[in-house]
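First comes the structure, then the notes that go with it.
Just so it is clear, none of the values below were taken in a lab; they were calculated from the coordinates. On a predicted model such as this, the values are computed, not experimentally measured, just so you know. All Cβ positions, glycine included, derive from the backbone under ideal geometry; neighbour counts span all protein chains shown.
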Amino acid sequence: MERPSRNRSDAGYAAKGETSSGAANIVSAHRLNQAAGEGIGLYTVDPGAAIGRDMSCVIRPERRCQPAVCEKMACMFPGNIAGRWKSHFFIACILLAARALFAQQEIPAWCRSLPRAEYRSLQRIPVSSSWFEVYSVSPGVFAIYEPHQSEETISYLIVGDNRALLFDTGMGIDDIRKITTELTRLPVAVLNSHTHHDHIGGNWQFKTIYAMDTDFTRKSAGGGNKAAAQAEIGPGEICGELPKAFDRKAYATRPWKITEYKRDGDHFDLGGRSLEIIATPGHTPDSISLLDRDKGLLFTGDTFYPGTIYLFSPETNLVAYRASVRRLAAMASRVQLVLGAHNVPVAPPSVLARLLAAFEAVRNGKVPATPASSGNVTYRIDEISFLMRAAAFKP
């Protein structure tokens, strides 16, 4: 059964009308290294690749183009190589170019659109892991982005004067706790936007984990379905390489312990910064948003993110989701920045009213359904789209 992705051809809001070169070319070079290196001794590709000792080949990406279409291979020969050896090296380079085309065909379509244009305006923070990319999205707020997996999950480290809160822990593919120690020396507690496996993968690494008081949460804390986790690293799901220390065969969502239950309206005092829990069930029974009233920041989890919003799971409740979206839309005048949990970490507060209008239009039968995988359908209105069960709004 094909697992739908938030960021393939229907990525919607975040990638609408955008193409890019930088990261996609790095990825393609990386994959070229992986494919060609095994066959003809190619071990470094970025920025050039060594074949033997006297010749190198470089990838020359052209600006604003997709790599599979626009990359060119140029072979450079030192002047002291005899003519007959040049022909050997030339043949090797042709083989390398062929392997490059083959490797690019293996690159998932969603991967080729990276980096998303919205990241150009954000300050990137260097960290030790190549799996994560970290961006400063507001003073004391770090978006911890996983661009190499198709979910493109985003967790947030929110830092106060006395302690920090990690809003979600991602896929669990690399060490997110280590990343938090590189960003702050303060004690870090965890709160999840909801407990789907792509947001709780690193929970087990932390001692203090706050959670909503629901049966769904308690079940999630016991560990996830290994098959579901394995599907996240299956064909077409990974862009580039998995971390070296990652154990592919053993990958599963590990159990974690709840330290304390929280409820709607509870506050976290981080020291100079207060965060309020806004219960927004619908996507899951334990879905929440976080509101930083003083800074005008609204962290929306999977209730909203730029991209196709998933509303097809058995635990999804569309009546509850509608009420939650209405609640968030009513807060828009107090919000300066909306921070979702996938694809792109920033959106304007005006998107909340558009989200509500789009959902109401779907609910009222004003938006045609497009068939999707696994018996689901996609509804799209402007930059907002939803993936739902086919019979979700049938009378």
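Some values worked out for this structure:
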| read-out | value |
| --- | --- |
| Cα gyration tensor shape of segment 117-358, rounded if a/c is under 1.5, else prolate or oblate by comparing a/b with b/c | rounded |
| Segment 308-395 shape via C-alpha gyration tensor axes, a/c threshold 1.5 | prolate |
| Of Lys178/Lys207; Lys207/Lys249; Lys257/Lys295, those spanning more than 22 Å from alpha-carbon to alpha-carbon | Lys207/Lys249; Lys257/Lys295 |
| Cβ-Cβ FRET estimate between Ser121 and Arg185, R0 fixed at 45 Å, reported to 0.05 | 0.95 |
| Under-5 Å amide H pairs with Gln149, H placed in peptide plane, nonlocal only | Cys239 |
| Estimated inter-spin distance, Ile233 and Ser130, nm [label 7 Å along Cα→Cβ] | 1.7 nm |
